[in-house]
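The values are calculated or read from the model by the stated rules, or taken from the named source; none is laboratory data. Note that the structure is predicted; figures quoted are calculated from it, not measured. Cβ placement follows ideal geometry from the backbone for every residue including glycine, while neighbour counts extend to all protein chains displayed.
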Amino acid sequence: MADIRFGKRRVRLPRSRPVRLGLGGGLVLGGVLGFLPVLGFWMLPLGLVVLSVDSPGLRRLRRRGEVWWGRRRPFGGRGPSSRTGTER
């Protein structure tokens, strides 16, 4: 089963590739129409993430974003309050 990880959380996606492509395409289309009620611009990046499971180009961009975010956030993506105080 295809999974997408967000930090420590995992979101399961359908096993069927056509269903994943339809879901991702629908989210992207809904994101483009985000100015309408009920639909929102939040759907666009979510749709691209779902499509990145099956698209090497989008997967590469998603991975670059993950690396950038990890380098930007100290201590493994958590804030400074997550330190245990045991550093040497």
Just give me the residues in the range 28-42 being hydrophobic (A, V, I, L, M, F, W, C) and surrounded by 12 or more Cβ atoms within 10 Å (Cβ to Cβ), in sequence order. VAL28, LEU29, VAL32, LEU33, LEU39, PHE41, TRP42
Determine which single condition ASP3 fails, assuming it passes every other condition in (1) surrounded by fewer than 13 Cβ atoms within 10 Å (Cβ to Cβ); (2) touching a Leu at 6+ places or on another chain (Cβ under 8 Å); (3) modelled with pLDDT under 80. (3)
Residue in the range 4-25 that is nearest to ARG71 (Cα to Cα), counting only those that are among the small types (Gly, Ala, Ser) and either more than 16 Å from the chain's Cα centre (by Cα) or not in a helix (DSSP H, G or I) (or both): GLY7
Starting from the range 32-48, keep only residues that are of a type in the set (Gly, Ala, Ser), then list their pairs with residues that are surrounded by 17 or more Cβ atoms within 10 Å (Cβ to Cβ) whose Cβ atoms are within a distance under 6 Å, requiring at least 6 positions of separation or different chains. GLY47/GLY24; GLY47/LEU27; GLY47/VAL28; GLY47/GLY31
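Test LEU13 against the criterion of being surrounded by 12 or more Cβ atoms within 10 Å (Cβ to Cβ) and among the hydrophobic types (A, V, I, L, M, F, W, C), and give yes or no. Spell out the reasoning first.
Details: surrounded by 12 or more Cβ atoms within 10 Å (Cβ to Cβ): yes; among the hydrophobic types (A, V, I, L, M, F, W, C): yes.
Criteria met by LEU13.
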Matching residues, the range 28-53, being under 16 Å from ARG5 (Cβ atoms) and not hydrophobic (A, V, I, L, M, F, W, C): PRO45, SER52
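Taking the stated definitions as given, is GLU87 out of contact with any Leu (no Cβ under 9 Å at 6 or more places or on another chain), modelled with pLDDT under 80 and either in a loop (DSSP other than H, G, I, E, B) or of a type in the set (D, E, K, R) (or both)?
Numbers: out of contact with any Leu (no Cβ under 9 Å at 6 or more places or on another chain): yes; modelled with pLDDT under 80: yes; either in a loop (DSSP other than H, G, I, E, B) or of a type in the set (D, E, K, R) (or both): yes.
Spelling it out, GLU87 is indeed out of contact with any Leu (no Cβ under 9 Å at 6 or more places or on another chain), modelled with pLDDT under 80 and either in a loop (DSSP other than H, G, I, E, B) or of a type in the set (D, E, K, R) (or both).
Out of PRO18, PRO56, PRO45, PRO74, I need the residue that is modelled with pLDDT of 85 or more and surrounded by 12 or more Cβ atoms within 10 Å (Cβ to Cβ). Which one? Lay out the reasoning, then the answer.
Numbers: PRO18 fails: surrounded by 12 or more Cβ atoms within 10 Å (Cβ to Cβ); PRO56 fails: surrounded by 12 or more Cβ atoms within 10 Å (Cβ to Cβ); PRO74 fails: modelled with pLDDT of 85 or more.
After ruling out the rest, the residue left standing is PRO45.
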